[in-house]
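The values are calculated or read from the model by the stated rules, or taken from the named source; none is laboratory data. Since this is a predicted model, take the numbers as computed values, not measurements. Every residue, glycine among them, receives a Cβ derived from its backbone with ideal geometry; neighbour counts consider all protein chains shown. Protein only, heavy atoms only, side chains kept; ligands, DNA and RNA dropped before computing areas. Shrake-Rupley method; radii C 1.70, N 1.55, O 1.52, S 1.80 Å.
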Amino acid sequence: VHIAPQIVQPPRSIVVMEGRDVELSCKTTGIPPPRVHWKRNNHSLMKWLQSCQEEMSPRMCIREDGTLVIQNAVVTDSGTFGCIARNHAGREESETVWVKVQHKDTQPPQFLDGGPEDEREMVGEAVTLRCQAAGSGNIRVWWTKLSGDKLLPEGRHSELDDNSLEIRDLQSTDAGMYACTAENEHGWVMKTISLSVVAPHISDRARKSPVTDPPLGFRVVPEDQTVTVGDTAMFNCDVVGPFGTVTLWYIGKEENGNVVFDDGDLIGRSGEVLSSDKRFHIFTNGTLAITNVTMDYTDGIYVCQGYSDQGSVTTPATLIVEEPVVPITTQSATGIAITGLVSSLSVVCWF
């Protein structure tokens, strides 16, 4: 019985500092077990790539499960990589990924003074949203609107020399979530700020009335999902709140029994994905979809956040990815067909 190779845990692009180890996975299924070969910058590594099991293994070697290891990475190790799985039944090749090894003295941007803060202003007034960043090399800073009409106020906004965003003659449609992004050749960071715009004749007490500002919360919370490699995971999240409320998704992690995340873990918001991972999709209703999942995503924690001028609410959900069940059929000399799965075995006899 021969089953063609399938790459169930392909490599993923990675950025590391020099001196760290790099591991690119390439786990496969198939009968007989496939052999895994690697290529770098479209050139085969098969001729000189050695096993990591050898006593004097080189800095770049391959493990028994197909994982490519680069020990004590240097800047010249940067490049594109891909793996190929072969057996007698066929071959499968992964998508090309990139490895970027950075100098130790490089620094991605960092926000000064904690980044932007939430603002509240009257209709007709002006507001300045501040965003100052520092880091290595040339830093590019830009603003986007994450909620409402998603467009910066035409003819009424300016980006100042210090990268602040000024909005003049405020209108109620200017309210919402704004994002300041700072980027250089070593990475990027993003901060969000909530802008509330209120009518001058409304008192502070009226502005906070639950009649005009419904409380921030969840109508539907995401549930833990268990899917098979190659399937799509769906996390439903319905956030309710005052005008300008936005739904955000983050990749979380567990620390001391708590789920934590920061702005660098942002996947995106309703209707727009900001992550470079093409498997992520976020619908306008706040649902997060992860397509064609691999084992890299198992035990992943995904956090849905509702954000408004009232504050924020969060709720996590976990994704479990299981290996696919591969049926195996053989026939014995006695005429018994045996069909087996990973966890069961059925025997069919005929006379």
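Within segment 282-336, track down each residue that is over 30 Å from residue 175 (Cβ atoms), assigned to a strand (DSSP E or B) and at pLDDT 80 or above.
Step one: of segment 282-336, the residues over 30 Å from residue 175 (Cβ atoms) are 290-301, 318-336.
After this cut, where a residue has to be assigned to a strand (DSSP E or B) as well, the list is 290, 300-301, 318-322, 328-331.
Answer for segment 282-336, where residues must be over 30 Å from residue 175 (Cβ atoms), assigned to a strand (DSSP E or B) and at pLDDT 80 or above: 290, 300, 301, 318, 319, 320, 321, 322.
To keep it simple, each residue is scored yes or no on (1) in a loop (DSSP other than H, G, I, E, B); (2) under 25 Å from residue 286 (Cβ atoms); (3) charged (D, E, K, R).
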site: 121; (1), (2), (3): no, no, yes
site: 124; (1), (2), (3): yes, no, no
site: 154; (1), (2), (3): yes, no, yes
site: 166; (1), (2), (3): no, no, yes
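Output the qualifying pairs, or none if there are none: Cβ atoms under 7 angstrom, residues six or more apart or on different chains, first residue in segment 19-45 and touching a residue at least 24 places away in the same chain (Cβ under 8 Å) and closer than 10 Å to residue 68 by Cα, second residue part of a loop (DSSP other than H, G, I, E, B) and open to solvent by 70 Å² or more (accessible area, probe 1.4 Å).
Listed pairs, sorted by first residue: 37/46.
Run down 212, 173 and say which single residue is open to solvent by 50 Å² or more (accessible area, probe 1.4 Å), at pLDDT below 85 and assigned to a helix (DSSP H, G or I).
Working: 212 fails: assigned to a helix (DSSP H, G or I).
Step by step, each of 212, 173 is checked, and only 173 is open to solvent by 50 Å² or more (accessible area, probe 1.4 Å), at pLDDT below 85 and assigned to a helix (DSSP H, G or I).
With the requirement that a residue be of a type outside the set (A, V, I, L, M) and open to solvent by less than 70 Å² (accessible area, probe 1.4 Å), what does segment 72-91 give you?
Within segment 72-91, the first condition is being of a type outside the set (A, V, I, L, M), and the residues that meet it are 72, 76-83, 86-88, 90-91.
Residues satisfying the conditions are 77, 78, 79, 80, 81, 82, 83, 87, 90.
Report, by residue number, each residue of segment 20-35 that is part of a strand (DSSP E or B) and within 27 Å of the chain's Cα centre (by Cα). Outline the logic, then answer.
Of all residues in segment 20-35, those part of a strand (DSSP E or B) come to 22-24, 27-31, 35.
Selection gives 22, 23, 24, 27, 28, 29.
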